[in-house]
Amino acid sequence: MQQAEKPNNLMTILDKAILGRALSCEEIGFLLSLDAEEDLERLFAAAGTVRSRWFGKTVFLYGFLYFNTACSNNCLFCQYRKSNSKATRYSKSTEMIDTIVRKMEASGVHLIDLTMGEFADGTKEAESEYGRLSSFIQKIRKESDIPIMVSPGVVNRSVLADLAEAGADWYACYQETYARPLFAKVRPGQNFDTRYGAKLTAREKGMHLEEGMLIGLGESLEDRANTIIGMRELDADQVRVMSLVAHPDTPMADMAPTPEIEELKVIAVMRLVMPDRLIPASLDVGGLAGLKRRLEAGANVVTSMIIPGMGLSGVANQELDIEDARRTPEAIAPILRECGLTPASADEFRPWLAARNHTRTGGRSGL
Ligand code: SF4
């Protein structure tokens, strides 16, 4: 990839993004390569300007419920991979899920993310767990209008239709990288196109899409830039980045930690490239201590908030900030105030979703 010329071009590229013009792969790569403090400040300031334009001072809060930690896949980066016999495995009962969902709603989150590991297509387990997921959604939907995101891994067309029919609003399924050789390495036995295709099917069924990238897998800057371009082409409604947390019981245990600034740069660049999209600041990597920096980089969603005292795990970090109640709307409130941000009111999220649908069919979104 040819780099856009330094020094020059930083303000030109930022101005171009602020004006809403599409950045090229080279320009994205250039922004991702910045390392001088004053350049990074300009990058984050531009991302903040763009976020304010589209979302004002408002952020959305997501509750996270990882209800079944079994998985039939063996992703190299994931502690819940099938081969890890030391992983904490649990499957929450329907009653427990009901209790947690009620607590989450009462806590003031704007969306509930129901996450599970992936089950091999056609197995009895898959039929049972995906059926159970549809039933929870139907139950929640009978009592509440809260938006629901499902993260069940790659599922077939019929399961996606059931989930959408039950009332799921969002399908989250992360490619993690658009570099195909790297995808094949870190997701052994999985198919890039099948995973991508599941997202297209989910959209066809009426669901919004969340796409995600993981950095620190050994990818190049060009890979990161291409992944951001891929997300833009997918036209995902929400795009997230997380840094690899190298878990000791995985084949990636020895990967060098990714400096936090790399994740912050990706957040800022995603904001400039996809200005009107939801971009989460994940509590799963840096916990409450890392939230302010992610918001200052241009994020406008806080995820994943977890109800303490329920024996629940996070994804990248199994325990970080969970049982000491640091992943709750109450705990993050002071950080939001410091950033001059405020949680959206309960009735602001549905209109945003409707506006996004309108955008994809030719209108414009924004609060
Ligand atoms: S990343 Fe998801 S699909 Fe891969 S092993 Fe972990 S839970 Fe399973």
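Observations on the model:
- Residue within the stretch 178-187 that is of a type in the set (D, E, K, R), farther than 30 Å from Leu14 by Cβ, within 16 Å of the ligand (Cβ to nearest atom) and open to solvent by less than 20 Å² (accessible area, probe 1.4 Å) present: yes
- Thr115 being over 18 Å from Gly153 (Cα atoms) and either surrounded by 14 or more Cβ atoms within 10 Å (Cβ to Cβ) or more than 14 Å from the ligand (Cβ to nearest atom) (or both): no
- Filtered residues of the stretch 138-177 (kept if more than 16 Å from the chain's Cα centre (by Cα) and crowded, with 22+ Cβ neighbours inside 10 Å): Ile140, Val155, Val159, Leu160, Leu163, Ala168
- Criterion (open to solvent by 30 Å² or more (accessible area, probe 1.4 Å) and within 24 Å of Gly108 (Cβ to Cβ)) met by exactly one of Pro251, Pro334, Pro329, Pro257: Pro334
- Hits in the stretch 289-311 - residues which are modelled with pLDDT under 90 and part of a helix (DSSP H, G or I): Ala289
- From Gly298, Gly290, Gly286, Gly314, residue being open to solvent by 20 Å² or more (accessible area, probe 1.4 Å) and under 22 Å from Asp113 (Cα atoms): Gly286
- If the condition is being of a type in the set (Lys, Arg) and open to solvent by less than 10 Å² (accessible area, probe 1.4 Å), then the stretch 189-240 contributes only Lys199.
The values are calculated or read from the model by the stated rules, or taken from the named source; none is laboratory data. All figures in this text were calculated on a predicted structure; none of them were measured in a lab. Every residue, glycine among them, receives a Cβ derived from its backbone with ideal geometry; neighbour counts consider all protein chains shown. These accessible areas exclude ligands, DNA and RNA; they are computed on the full protein's heavy atoms, side chains included. Shrake-Rupley method; radii C 1.70, N 1.55, O 1.52, S 1.80 Å.
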